[in-house]
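Take a look at the structure set out below.
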Amino acid sequence: LEIFDFSGHSTRDEILDYILKLNPKTAFLVHGDLEASEWFRQQLVMRAPDMEAVIPKPAKPYTL
């Protein structure tokens, strides 16, 4: 498990490129409103089909 602190000045495309570069098995999309998180999820599904992109539900436990 790694946590990254991104600049508030990064564009969503820069953050997306960084996620794709890291190529994790699972990406939890936890910042931003639902519309922004869903955009990331859709981009990851299209561009990295082997990666699981999760928008976690509040209070739901997840196994890592």
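Please treat every number below as a calculation from the coordinates, not as lab data. Because the structure is predicted, anything quoted here is derived from the model rather than measured. Every residue, glycine as well, gets a Cβ built from its backbone with ideal geometry; the counts of neighbours run over all protein chains shown.
Values as computed for the structure displayed
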item: Semi-axes of the equivalent ellipsoid for segment 1-41, Cα gyration tensor, largest first, Å; result: 15, 13, 11
item: Spacing of the two label points (7 Å from each Cα toward its C-beta) at R12 and Y62, in nm; result: 1.8
item: DSSP loop chymotrypsin sites (Phe, Trp or Tyr not before Pro) with at most 12 other Cβ within 10 Å: longest gap in the chain; result: 7-61
